[in-house]
Structure formats: C-alpha cells, structure tokens
Amino acid sequence: MLDSFRKASKSWLAKGLLGLLILSFGAWGIGDFLTGGGDAPPAITVGEVRVGTEDLRAEFNREVNALREQLGTSFTAEQAIQFGFLDRAIGRVVTEVTLSQTARDWGMVVPDTAVARVIRETPAFQGEDGGFDRARYERLLSLNGLTEATYTAGIRNDLMRATLTQPVVGGATAPRALVDALHRVRNESRRGDSVAVTIADVPPPGDGPDAAALEALYQDNLDAFTAPEYRAVTAIVLDVEDARALIEVSDTAIEEAYQARQDEFTLPERREVTQVRVADEATARAVVDAVRGGADLDAATAEAGAPAPEDLGEITPDTLPGDLGETVFSLAEGTVSDPVQSAFGWHVFRVRAVVTGGTQSLDDVRETLRADLENSRAGDALYDLSVQLDDALGGGATLEQAAESLALDLLTIDAVDRQGTAPDGTPVAALQETPRVLSAAFSAEAGETSLMQETDSGYFVLRVDSVTPPTPRPLDAVRDEVERLWTERQQARRALDIAERLHAAAGEGRTLAAAAEAEGLTVTPLPAVHRDGRAVDPASRPIPGQLVQALFDMDQGDLRVVKAGSAVHVVRLTEVTAGADDADARAALAEQVTADIADDLFVQFTDALSRQLGVTINRAVIEDAF
C-alpha cells in the first residue's frame with residue numbers, strides 16, 4: 001500500500017482512486033480486535049484477538065466491490081464466495097492480525113517521526129510545489145471517510161508489519177544457476193511439421209447404431225442427457241418504476257424548483273465564431289484588412305499566408321481565456337475583430353451569427369422539472385414501498401395477497417435452472433437484469449419465502465414453490481443427440497486410425513509427406529514457438545496448446561499422434577533452437593524469481609507465527625453470517 005501511495009499521481013483527487021487510502025485495519029480499528037470484539041462468537045480468533053463477522057464482512061465487501069469495478073455491478077457476493085474470495089479474505093485477515101499481534105508482542109514500536117515522514121512523502125498529499133499540502137491531505141481523508149487518527153494508525157500498523165517481515169523477505173535472492181536454467185528453458189524455441197486429420201471430414205459409418213449400442217451410449221453418458229435442477233419461483237421485485245407511480249409532484253413544488261434553478265434555465269447570449277490564429281501581428285493585420293476590403297475569410301487567409309480559419313462553433317463569454325471573450329462579444333454579426341494577442345499568438349475573430357439569450361418559461365421546462373423531482377423522491381418512495389411490503393408479509397400475507405393489496409406485479413416463473421434458463425433452453429427474460437433473484441432462488445428451501453433483499457436498483461422477496469431435481473431425459477426425447485454423439489465418436493475413432501497409420505508409415509522409412517499423400521492429406525509446417533506458446537514471429541498464427549506441449553516433450557525427429565481440438569495430428573519435431581541471451585529478459589526473470597522466493601518466505605513466516613499464536617476459524621459462524 002505504501003508503495004502504491006509513493007507512486008501515486010499528484011492529480012489523484014477522485015474518491016474512487018483514493019481507495020488505496022483505506023488500509024486493512026483503517027476501517028476496523030486494530031484496537032477493537034485487541035479488546036476482544038464483544039460478546040458475539042468470533043468468526044476468527046488469532047491468539048487473544050477476536051475478529052467478528054462484521055469485520056470479516058467489511059474485508060470481504062472491499063474485495064467484492066473491487067471485483068465489481070472490473071466485472072460489472074451484476075457480480076454478486078454469492079458468486080464471489082463460490083470463486084473462493086471469502087476464503088481469501090479470511091486468509092488476509094489472519095495474516096494481518098498475526099503480523100500486528102506479533103509485532104506488539106515483540107515490543108516493536110514505530111515512532112511518530114517515521115509515520116510523519118511517510119505522510120509527507122506521499123505524492124497524493126503534495127501540492128504543486130512538491131511539498132506537503134495539509135489542506136489537500138485533510139480533504140482526501142475526508143473524501144474517504146477517514147479521520148487523521150485512523151489513517152495514521154493504519155500507516156503505523158503498515159510500517160510495523162513491514163519492519164517485522166523485511167528481515168525475512170528482504171534477503172530473498174534468485175540463485176544465478178536457477179535463473180540461467182529458467183532463462184534457457186523459457187527462450188528455447190521449437191518448430192515442427194503436422195498432418196491434421198480433421199474429424200468432421202472423416203466419412204461416418206454407412207450404418208447407424210443399433211438399439212443396443214444406442215442404449216449403451218445413452219447410459220454411459222447419462223449426465224450429458226440429464227436435465228438440470230429446475231425451480232418454480234414466485235417473486236415480487238420492486239424497482240424505481242414501481243415507486244414512481246406513488247409520487248405526487250404538485251404545481252407548487254414545480255414552481256419552487258423552477259425558481260431555485262433559474263440560472264440553469266437562463267441561456268446567455270452566444271456567438272458563432274470563426275478564428276484565424278497566426279504568429280505575428282503583421283499577418284493578422286493583413287487578414288483583417290483583406291476581409292474589411294471585401295474578401296471572404298478563406299481567401300484573405302490564403303492571400304496572407306496564414307493557416308486556414310478554425311470554426312469555434314457556438315461560444316459563450318467565458319469560453320475563451322483572458323480578454324478574448326470580451327473582444328468577441330463586442331462585435332456585431334458579420335464583422336471581424338482587430339488583431340488580438342494572447343499567450344497562443346495573434347487572433348482574428350469573425351462573428352458569423354449572434355444567438356440571443358433568454359430564459360425558458362416554466363411551461364417550457366415543466367415536464368423536465370416534474371421528472372427531476374420524481375427521480376429525486378423515488379429512492380425514498382421505493383424504500384417506503386419496501387417497508388409496506390415487508391410489513392404485509394410480516395403480518396401473515398402471502399406474496400399473492402401482498403401484491404394485490406399494494407397493486408404490485410407478481411413475477412411467476414414455472415421453471416428455471418441455475419443459469420437462468422427455461423426448460424426449452426431460452427433465457428428467462430425476467431431474471432436477466434436481476435441475477436441476485438436467481439441466486440436467492442437457488443439458496444432457499446422449497447416452500448420458503450425469503451427475507452426482503454436488496455438489488456442494485458431496488459428490492460425483492462421470493463418464494464420457492466417447487467424443486468424438480470436433476471432428471472435424466474428419456475432416450476426417445478434425446479435420440480437425435482445420442483445418435484449425433486455416436487456419429488462424432490465413430491468419426492473421431494476413424495480419424496485416430498488414420499493418424500496411427502500415418503505415424504506407422506512415417507516411422508518405417510517413408511517420409512511424412514509421402515505417408516500423408518497416400519491418405520490424401522498434406523504436411524503443414526508449424527511456426528517456431530516458445531515453451532509458453534508464444535510464436536517467435538509475432539505475425540505467425542497461434543497453434544493449439546496440445547501441439548506446443550508435444551513439441552517440447554519430444555526429441556528432434558520424433559513423431560507423435562496428438563488430439564487437438566477438432567482434429568487428430570501427426571506431429572514431427574524438426575528443429576530445436578536455443579534462445580538468444582537477452583540481458584534485459586534475464587534481469588526481469590531474476591526479479592520475478594526473487595519476488596516469488598520472497599512470497600514463499602513470507603507465507604512460511606506468517607504461517608509459523610500463526611501456528612505459534614494459535615488460529616481458530618469458526619466455519620459455522622461464518623456460514624451463518626454469509
């Protein structure tokens with residue numbers, strides 16, 4: 001985090017970019033951990049430090065929010081848990097608490113002067129002169145909801161943990177022999193030849209499968225022919241449009257908004273302007289004299305050797321810097337200005353048209369104001385509506401009764417799978433914009449009505465009406481699919497037989513080209529590639545990873561049969577080339593290996609400290625909370 005700050009741009013004013021300001025314990029407060037965290041059972045215990053579920057949730061939510069910035073707002077917390085990000089948050093909490101607690105147990109202290117130096121040297125807190133700008137510092141902390149005490153405590157914890165781990169990871173060094181070996185392996189390239197037998201081009205058997213073969217194939221691949229779990233769901237989904245109908249905007253409110261926004265509806269006088277900008281006054285004067293003598297602006301600039309005129313479009317008095325705006329707005333329509341000097345050179349302005357200003361009437365903007373007022377009140381109205389719905393359900397009403405009493409639409413889905421697809425394979429349209437409803441539907445029990453939950457744009461509550469477990473579809477219903485699978489497998493088997501014949505023929509003294517020709521096939525040279533699949537020539541087409549792996553598993557001259565994608569290949573390794581010694585690449589590799597070794601040392605060190613302190617992860621508490 002400290003490195004991120006030191007490299008930060010001085011123009012970092014955006015609140016989102018200042019997410020780096022939020023330290024791991026800045027939002028929690030390490031002091032809360034040290035006092036035991038209250039009477040609730042902890043989610044995590046490290047030594048004597050108890051971490052509650054709310055603290056863990058805060059760390060997890062930071063992870064989810066960061067992911068949503070990359071993947072979009074539809075990425076849900078449930079998906080993050082499935083992908084292992086909750087476990088990652090748990091691991092990060094354990095590591096941070098372990099290091100902080102160990103540093104305190106060992107009596108480590110970070111002086112105030114060290115904390116102050118870090119803050120002073122942080123680019124984000126420096127002014128235009130490069131010095132520490134306290135006003136900027138306080139403003140950025142305020143934007144992120146941090147107090148100075150919280151932030152400095154976080155800096156102190158970071159420094160303490162860095163001081164604790166630096167003796168362990170700071171000595172990490174990549175052995176030269178290891179770097180040399182990795183450099184050789186990474187830079188080596190290989191090329192070969194391939195004969196591809198495309199499976200789809202192999203003639204299928206003349207006769208189809210008999211009943212016994214079809215039944216056996218169906219049974220052997222029953223999972224592929226099994227319908228997924230489907231659920232029938234009834235839901236009420238509230239969004240802004242539901243609340244908008246409840247909002248009444250009076251004429252008085254519209255008039256008051258109009259008066260408050262007078263400036264917005266008052267348009268200043270504007271000018272449509274063309275500009276000629278030159279380096280010297282004499283050229284500018286020549287353009288002005290020619291125009292005033294009757295020439296048009298294009299001809300005048302050409303005659304004076306000036307650049308072509310620039311269309312500035314429609315401008316207001318404050319569009320142009322300095323006195324230029326005043327000059328332009330002193331001109332009448334169709335006239336040209338005297339030469340005017342600025343820091344950008346000499347200017348000549350011609351006013352093509354004058355657009356008079358004025359104030360839009362209340363009637364002109366009435367509907368705009370009404371919509372704006374509705375939008376500003378919609379959030380509160382939506383919340384009030386959700387409370388009414390929650391109260392109705394809490395009073396014993398069913399979803400159907402609550403929807404009727406509140407005049408809400410009832411969403412009924414007869415069957416949907418975990419991917420939001422109906423039994424006919426089409427997406428359930430009502431769930432495409434509300435993925436959290438789908439996730440909740442597959443988290444609830446049959447017959448259970450969920451609690452009110454939030455979405456990005458509103459609220460929802462649902463009931464799982466029934467659950468249809470995964471069920472094999474009858475053979476008669478999937479006969480075409482089973483027959484197609486049988487045909488594809490027969491073609492794949494025949495393609496493999498052809499490739500094996502090629503391999504045998506080329507291994508018995510015939511050339512690969514001759515063996516391929518006998519089968520009506522041709523040899524295709526494979527481009528030289530590195531071990532990671534990168535082509536030596538960036539313009540070369542990529543080759544399948546299976547072929548790359550085969551090339552690097554073979555000795556020069558060897559043949560191998562390789563299945564890759566939709567074809568079976570017979571591959572021969574024809575050339576092995578040692579990579580050139582690249583000093584820059586070697587240095588970058590050494591740096592990477594050093595970092596990897598340092599990471600391993602860090603993990604081993606923190607694991608040892610955690611075992612020494614004792615770590616308990618209360619999975620039951622965590623699962624209840626998440």
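Kindly establish whether Asp32 is closer than 27 Å to Leu141 by Cα, out of contact with any helix residue (DSSP H, G or I) (no Cβ under 9 Å at 6 or more places or on another chain), in a helix (DSSP H, G or I) and modelled with pLDDT under 80.
Here the answer is no, as Asp32 does not meet what is asked.
Go through the range 222-237 and give me each residue that's touching a helix residue (DSSP H, G or I) at 6+ places or on another chain (Cβ under 7 Å) and more than 30 Å from Leu408 (Cβ to Cβ).
If the condition is that a residue be touching a helix residue (DSSP H, G or I) at 6+ places or on another chain (Cβ under 7 Å) and more than 30 Å from Leu408 (Cβ to Cβ), then Phe225 is the only one that fits.
Could you give every pair whose Cβ atoms fall below 6 Å, whose first residue belongs to the range 605-619 and is under 12 Å from Leu99 (Cα atoms), and whose second residue is open to solvent by 40 Å² or more (accessible area, probe 1.4 Å) and of a type in the set (Val, Ile, Thr), counting only separations of at least 6 or pairs across chains?
Phe605/Val168
So, Ala371, is that one without any contact (Cβ under 8 Å) to a residue 40 or more places away in the chain, surrounded by fewer than 19 Cβ atoms within 10 Å (Cβ to Cβ) and within 43 Å of the chain's Cα centre (by Cα) or not?
Considered against the rule, which asks whether it is without any contact (Cβ under 8 Å) to a residue 40 or more places away in the chain, surrounded by fewer than 19 Cβ atoms within 10 Å (Cβ to Cβ) and within 43 Å of the chain's Cα centre (by Cα), Ala371 comes out as yes.
So which strands (runs of 3 or more DSSP E) are wholly in the range 208-318 and hold at least 3 residues that are under 48 Å from the mean Cα position of the chain (by Cα) and in contact (Cβ under 8 Å) with a residue 60 or more places away in the chain?
Counting at least 3 such residues, we get 230-239, 270-278.
What residue, among those in the range 380-395 that are in contact (Cβ under 8 Å) with a residue 60 or more places away in the chain and open to solvent by less than 70 Å² (accessible area, probe 1.4 Å), is farthest from Asp311 (Cα to Cα)?
Per the stated criteria, the residue is Leu393.
Can you name the condition, by its number, that Asp193 falls short on among (1) at pLDDT below 90; (2) of a type outside the set (Lys, Arg); (3) open to solvent by less than 60 Å² (accessible area, probe 1.4 Å)?
That leaves (1) as the condition not met.
Sort through Ala446, Ala402 and tell me the only one that's among the small types (Gly, Ala, Ser), over 32 Å from the mean Cα position of the chain (by Cα) and assigned to a loop (DSSP other than H, G, I, E, B).
Ala446
Can you name the number of the only condition in (1) surrounded by fewer than 15 Cβ atoms within 10 Å (Cβ to Cβ); (2) without any contact (Cβ under 8 Å) to a residue 12 or more places away in the chain; (3) not aliphatic (A, V, I, L, M) that Phe344 fails?
For Phe344, the exception is condition (2).
How many residues, within the range 496-543, are modelled with pLDDT of 90 or more, assigned to a loop (DSSP other than H, G, I, E, B) and farther than 26 Å from His183 by Cβ?
6
Return only the number of the condition from (1) among the hydroxyl-bearing types (Ser, Thr, Tyr); (2) open to solvent by less than 50 Å² (accessible area, probe 1.4 Å); (3) assigned to a strand (DSSP E or B) that Thr616 does not satisfy.
Tallying (1) among the hydroxyl-bearing types (Ser, Thr, Tyr); (2) open to solvent by less than 50 Å² (accessible area, probe 1.4 Å); (3) assigned to a strand (DSSP E or B), Thr616 fails exactly one: (2).
Of the residues in the range 97-126, how many are in contact with a helix residue (DSSP H, G or I) (Cβ under 6 Å, 6 or more places away or on another chain) and without any contact (Cβ under 8 Å) to a residue 24 or more places away in the chain?
Total meeting the criteria: 1.
The values are calculated or read from the model by the stated rules, or taken from the named source; none is laboratory data. Predicted model, so just to flag it, every value in this text is computed and none were measured. In this analysis, Cβ positions are derived from the backbone assuming ideal geometry, glycine residues included, and neighbour counts consider all displayed protein chains. Heavy atoms of the whole protein, side chains included, go into the accessibility calculation; ligands, DNA and RNA do not. Shrake-Rupley method; radii C 1.70, N 1.55, O 1.52, S 1.80 Å.
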